[in-house]
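For reference, the structure discussed in these notes is given below.
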Amino acid sequence: MVAMQRSERMMFQALSRGLDALYRLGGFLAGLLMVLLCLLILYSIAARLLNLYAGGASDVAGYVMATSTFMALAYTFRSNGHIRVQLLVQRFAGATRRGIEFMCLGLMSAIAIFIAYYMTRLAYDSYDFEERSQGADAILLWIPQTPVAIGAWLLALAVVHTLVQAIFDYEAVNPETHEGASEV
Amino acid sequence: MSDTVSIVIFLGTLFVLLGFGVWVGAALLATAFVGMALFTSAPIGDSMAVTIWSEQSSWTLTALPLFIWMGEILYRTKLSETLFRGLAPFLKGLPGSLLHVNIGASAVFAAISGSSAATVATVGKMSIPELRARNYPEKMIIGTLSGAGTLGLLIPPSIAIIIFGVTVNESISKLFMAAMIPGLCLALLCMVYVAIWALLNKRTFKPDLRVESAHLARRLADLLPVLVLIAAVIGSIYAGVATATEAAALGVLGSFALSWFQGGLTWPNVLASVMGAVRTTAMIMLILMGAGFLKLAMGFTGIPKSLAETIAVWELSPLALIAILTIFYIILGCFLDGLSSIVLTMAVIEPMIRAAGFDMLWFGVYVMIVVEMAQITPPIGFNLFVLQGMTGKDMAFISKASFPMFLVMCFFIVILVMFPGLATWLPSVLS
């Protein structure tokens, strides 16, 4: 472990807790959006029965789902919700395991940043070309794509956060003592 | 660089990343990145963003979070108790007695929840202590539970089927129709196994057969809302009045009603169900993102196409092909969870399966069964993990107890190959 002053350590942990609250907020937002998705679909069913207007509801449902998913990625990552194959790495312990964990987190950081960058570019291009959805709603696509990009950045932040934590405070993220993912 | 070297690098990346414990979704994304870099000059990042966006915002996929949520709500109700008390008086007369409750309750719960692990956990919560108290042998309690629990993957609505449907672009409603009869047959087959086992072990199998059977009408009344919910969700899809997504939304509404009816609808429960569903959804979606992009990259590598051609040249009979695939899936299932093996393999073998002339609905049912087997094969089998947590027994014991069920599933694959109509008949009648 890299030596750290006690005060530094406490500051770091406070920052870490603050960030975790942010991811949790993203998780709550994702939850709200999922409730909204359900209500939206129930509305479209009711609308069909009562002959009300519900044009584009299926497109909007897709956007709501995408936003919900991306908002939840960081929260899920921090609460060990994403699955990984532990079969081989379980055989290693201590320093070796720690090295592997650094590599995994480093790679994951690169991937998360890559996704975030290109989801942002997608949103920007849609904004630049004023692209609209093909459906009856004809929504400007950058509107739902922006929160998706934000969610992707939130994931990138969470992964880099975990990587930094692994470097300075390995015990906080040690996979040997932290429980693995849940499953379908 | 020659193509062979490129392919070795590409596939090597996949295995190394998965093996070293990189998160599955990210490992698939990184592999796809390598594949794109090696085999095409198309812009990698932009292709990825478009692929992710179009899949993640697609209407078909909206059924997924809602069915997951529905399962999460029901998991937090008193359903396990209701199912046990409701089914026990009716099944106790069969040879094997209350062991059949494990299977029956799993089949019913599978029909309202799409998850195998949730099925095991919900049914086991009630039945493990009850059966233990009545002196049922531990290995049969665990075996029936882990085996029948996998029905959650097959009996609609099933999360795994939605994922399969999205991956290969087949109608989810039709897949739900195709899986129903095989699901029920497999449940029946499990019960037959239990009955045979009970008859063979008549001397040593002496459980306490007493079951509370007073207030039977009241129990049935408790079961009724569950059955209505199943009929509404599955029936609306089969009748063609609702899409899978709409049925899922109605299912969420129905689960809330059921939960309220049973008096289990509290704020902490609702919040926990939402957050649980959000986490599971995000986990699956990350894998789907990786799988979608990997499928695109796979197309550029030419692996699926040459695999399809090779198989065509060999002129394997469909039977031989299925036999090979089954062995392949069983081995894969030892190392990967069911979900990852579905998305990973379909990216490679879909063209081959289509070229060999398999009905995709039938093949979907087949894949569900081999993936069910993966759920109970050690060392990676999620039903085994769930049961380990619930019973405190070690992995070896649980795997051994589940092995007969594994054989039952193997046997069912043979039946499914001999009678493909089990899967294809219902969709052809209903649509």
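A protection proxy built from the mean count of other Cβ atoms within 10 Å ranks the segments B:18-31, B:160-173, most packed first, as B:18-31, B:160-173.
Using a 1.4 Å probe over protein heavy atoms, the accessible area lost on pairing A with B, summed over both chains, comes to approximately 5300 Å². Across the options A:Gln86, B:Gly292, B:Gly149, the greatest Cα extent toward the positive end of the charge dipole of the protein assembly as shown (unit charges at beta carbon of Lys, Arg, Asp, Glu) belongs to B:Gly149.
Averaged over peptide A:20-29, the number of partner chain Cβ atoms lying within 10 Å of each residue's Cβ comes to 1. Inter-chain Cβ neighbour count for A:57-67, averaged per residue, equals 6 (cutoff 10 Å, partner chain atoms only).
Measuring r between the beta carbons of B:Glu81 and B:Lys393 and using R0 = 30 Å, the FRET efficiency lands at 0.80. The angle between the Cα long axis of helix B:360-375 and the longest principal axis of the Cα atoms of chain B comes to about 70 degrees, rounded to the nearest 10.
On full extension, the segment bounded by B:Leu430 and B:Ala221 gains 72.2 nm, given 0.36 nm per residue less the C-alpha separation. The angle separating the long axis of helix B:303-314 from the principal Cα axis of greatest extent in chain B is about 80 degrees.
Note that the range A:69-159 presents 45 Å² accessible area per residue, ligands and nucleic acids not counted, probe 1.4 Å. Summarised as an ellipsoid, the range A:15-138 has semi-axes of 38, 19, 13 Å, derived from the eigenvalues of the Cα gyration tensor scaled by 5 and square-rooted, with the largest first. Where the alpha-carbon atoms of the range B:166-239 are placed on the principal axes, they occupy 52, 33, 17 Å, in descending order. Spin-label model, B:Ala232/A:Phe168: points 7 Å from Cα along the beta carbon direction are separated by 5.2 nm. Basic side chains Lys and Arg get +1 at the Cβ, acidic Asp and Glu get -1 at the Cβ, and with that the dipole of the range A:1-155 about its Cα centre reaches some 900 debye. The charge dipole of the range B:265-368, taken about its Cα centre with unit charges on the Cβ atoms of Lys, Arg (+1), Asp and Glu (-1) only, comes to about 260 debye. For the pair A:Gln86 and A:Tyr53, a Förster radius of 35 Å applied to the C-beta separation gives a FRET efficiency near 0.10, rounded to the nearest 0.05.
Label point of B:Glu309 set 7 angstrom out along Cα-Cβ; within the range B:346-363, amide nitrogens under 14 Å from it belong to B:352. Per-residue shielding of A:103-110, expressed as the average number of other chain Cβ atoms within 10 Å of the residue Cβ, stands at 4. Please say if the range B:155-314 is rounded, prolate or oblate, where rounded means a/c under 1.5 for a ≥ b ≥ c the square roots of the C-alpha gyration tensor eigenvalues, and otherwise the choice is prolate for a/b larger than b/c and oblate otherwise? Cα axes put the range B:155-314 in the oblate bin. Checking the a/c ratio against 1.5 first, then a/b against b/c, what shape does the Cα gyration tensor give for the protein assembly as shown? Rounded. For the listed peptides B:261-273, B:335-347, a ranking on the average number of other beta carbons within 10 Å per residue, highest first, reads B:335-347, B:261-273. Axis of helix B:44-56 versus longest Cα principal axis of chain B: the two differ by about 30°, to the nearest ten degrees. Accessible surface computed residue by residue for the range B:131-252, with neighbouring protein chains in place and a 1.4 Å probe, gives 39 Å² per residue.
Dipole of the range B:1-93 computed with +1 at Lys/Arg Cβ and -1 at Asp/Glu Cβ about the Cα centre; of B:Met48, B:Ala37, B:Leu91, farthest Cα towards the positive end is B:Leu91. Placing unit charges on each Cβ (+1 for Lys and Arg, -1 for Asp and Glu) gives the range B:7-157 a dipole about its Cα centre, and among B:Leu61, B:Ile7, B:Thr82 the Cα reaching farthest toward its positive end belongs to B:Thr82. The shape of the range B:232-281 comes out oblate: with a ≥ b ≥ c from the C-alpha gyration tensor, a/c is at least 1.5 while a/b does not beat b/c. Our helix-only sum for the protein assembly as shown, with -39,500 (n - 2.57) per DSSP H run of n ≥ 4 divided by its residues, gives a mean residue ellipticity at 222 nm of -26000 deg cm²/dmol. Taking trypsin sites (Lys or Arg not before Pro) in DSSP loop conformation with at most 13 other Cβ atoms inside 10 Å as exposed sites, chain B has its longest uninterrupted site-free stretch at B:211-431.
Close amide H contacts of A:Arg84 (hydrogens built in the peptide plane, cut-off under 5 Å, sequence separation of 5 or more or a different chain): A:Ala181, B:Val24.
The values are calculated or read from the model by the stated rules, or taken from the named source; none is laboratory data. Please read all numbers here as calculations on a predicted model, not as lab measurements. Every residue, glycine among them, receives a Cβ derived from its backbone with ideal geometry; neighbour counts consider all protein chains shown. Surface areas here come from the heavy atoms of the whole protein model, side chains and all, with no ligands, DNA or RNA. Shrake-Rupley method; radii C 1.70, N 1.55, O 1.52, S 1.80 Å.
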